[in-house]
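Values quoted throughout were computed directly from the atomic coordinates according to the rules given, and no laboratory measurement underlies them. Quick caveat: nothing in here was measured; it's all calculated off a predicted structure. Please note: Cβ atoms are built from the backbone with ideal geometry, for glycine as well, and neighbour counts cover all protein chains shown.
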Amino acid sequence: MKVVTVIGNRPQFVKAAAVSGPLRAEHDEVLVHTGQHYDDELSTIFVTELGVPRPEVQLGLGGGTNSDQTARMLAALDGLLAEQQPDAVLVYGDTNSTLAGGLAAAQRRIPVAHVEAGMRSFDRAMPEELNRVLTDHLADLLLVSSEGAAANLAREGVAGDVEVVGDVMVDVAVLLAPRARADDEPLHAAGVTAGEYLLVTAHRAGNVDDPARLEALVGLLLSLREPVVLPLHPRTRARLEAAGLLDRLAAGAVLLPPLGYLAFTSLLTRARAVLTDSGGVQKEAYLAGVPCVTLRDSTEWVETVDAGWNVLVDLDASAAAAALGRPAPAERPELYGDGHAAQRVVTAMTRLAEL
Ligand code: UDP
């Protein structure tokens, strides 16, 4: 079977790191990088570090509004699928690349497999939520991370086949967290001690594109009593600079460039707590047993909140302080699979070819 896989941003490189190896052991894969994230720190570093195959096709389609970017990707992928004639298209998560890949394939009647299907924040103001819902309703095979995601899809009555396979980012975390945890270098470089700092990431449009929200975010981070380490996403850095807030934040937090997966995981696994608006990082904090404070008022990773390891505070500084004061729960059940999701994805895709 020939599979075209469409990726475009940082978490999709991490997901491809889990799946491309086992997929290529059984099938032919053409990996397409749309260029949604074009900075090396957000893409090519994962090729060298995580062994993601070098994408066979680079579309270089970053920039623009969500609609403009999705439209350009859709047009380019339509031509590419006509040329490649794959038996299936594989997409991950909830980005413009996910929706464009899924829709371009569905229009050509090529079966679509969606990994990390069924996640819902129920917040239609998030571009990611629109991408998730639409991709799920055009996919033929919906591979989900949790029972909760499967229940969301059952409620919506999606047309494709739903299978709980576990989360492919868990596969990568299970494999690499021990090595990352043993590496002290990222902590030395940031000047922090294990268990005595807060690791922060923030880059959601809803938090950084609106200057008033961005200022509230900076205020919240500067109000924290423990040392803050913040690897800055290029989008966030650009918005901070434009708003004249970068120096104020730099005076009270250790600002780093975006990190490779191992350095980031080293800092994550040894943090006292994590504050983030990232989806993937909420899940990784849970896996590492590090309490998470989510800088949003909704999450698609609801199980981490129900389990008591994640608290939604939006940009409320006193709610963040209260959340950070809570003791960690005693229990941490396995919510997102056993670290073998990628092989289940490949097995399910093999069945898709036989349909
Ligand atoms: N990550 C990384 N370096 C960083 C910050 C995050 O490698 O400096 C990894 C993180 O471990 C996770 C993924 O990037 O696997 C999350 O990506 P991001 O927060 O950009 O996306 P989201 O999950 O919010 O869509």
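The table below lists the values:
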{"read-out": "Selection count where residues are in contact with a Ser or Thr (Cβ under 6 Å, 6 or more places away or on another chain) and farther than 18 Å from Val162 by Cα, scope segment 60-98", "value": "4"}
{"read-out": "Among residues of segment 74-94, those that are within 19 Å of His137 (Cβ to Cβ), away from the ligand (no atom under 16 Å from the Cβ) and either touching a residue at least 40 places away in the same chain (Cβ under 8 Å) or surrounded by fewer than 15 Cβ atoms within 10 Å (Cβ to Cβ) (or both), counted", "value": "4"}
{"read-out": "Scan of segment 111-141 for residues that are away from the ligand (no atom under 16 Å from the Cβ), touching a residue at least 40 places away in the same chain (Cβ under 8 Å) and more than 22 Å from Val168 (Cα to Cα), ordered by number", "value": "Phe122"}
{"read-out": "Hits in segment 1-27 (condition: more than 16 Å from the ligand (Cβ to nearest atom), within 22 Å of the chain's Cα centre (by Cα) and not in a strand (DSSP E or B))", "value": "Gly21, Pro22, Leu23"}
{"read-out": "Number of positions in segment 247-276 that are part of a helix (DSSP H, G or I), more than 10 Å from the ligand (Cβ to nearest atom) and in contact (Cβ under 8 Å) with a residue 40 or more places away in the chain", "value": "2"}
{"read-out": "Conditions (1) within 16 Å of the ligand (Cβ to nearest atom); (2) assigned to a strand (DSSP E or B); (3) β-branched (Val, Ile, Thr): number failed by Val30", "value": "(1)"}
{"read-out": "Any hit, segment 228-244, residues being of a type outside the set (Lys, Arg), surrounded by 14 or more Cβ atoms within 10 Å (Cβ to Cβ) and more than 15 Å from the ligand (Cβ to nearest atom)", "value": "yes"}
{"read-out": "So Glu41, is it within 14 Å of the ligand (Cβ to nearest atom) and either of a type in the set (D, E, K, R) or in contact with a His (Cβ under 8 Å, 6 or more places away or on another chain) (or both)", "value": "yes"}
{"read-out": "Thr70 being of a type outside the set (A, V, I, L, M), at negative phi, in a helix (DSSP H, G or I) and crowded, with 23+ Cβ neighbours inside 10 Å", "value": "yes"}
{"read-out": "Residue within segment 191-205 that is part of a helix (DSSP H, G or I) and in contact with a Pro (Cβ under 8 Å, 6 or more places away or on another chain) present", "value": "yes"}
{"read-out": "Segment 143-164 residues that are closer than 16 Å to Thr299 by Cα, paired with ones that are among the basic types (Lys, Arg) and not in a helix (DSSP H, G or I) (beta carbon under 7 Å, 6 or more apart)", "value": "Asn152/Arg120"}
{"read-out": "Residue that is more than 19 Å from Val3 (Cβ to Cβ), small (Gly, Ala, Ser) and buried (at least 16 other Cβ atoms within 10 Å of the Cβ), where the choices are Gly102, Gly60, Gly148", "value": "Gly148"}
{"read-out": "Residue in segment 62-78 that is closer than 23 Å to Ala263 by Cα and of a type in the set (A, V, I, L, M, F, W, C) present", "value": "no"}
{"read-out": "Some residue of segment 49-56 being at positive phi and buried (at least 20 other Cβ atoms within 10 Å of the Cβ)", "value": "no"}
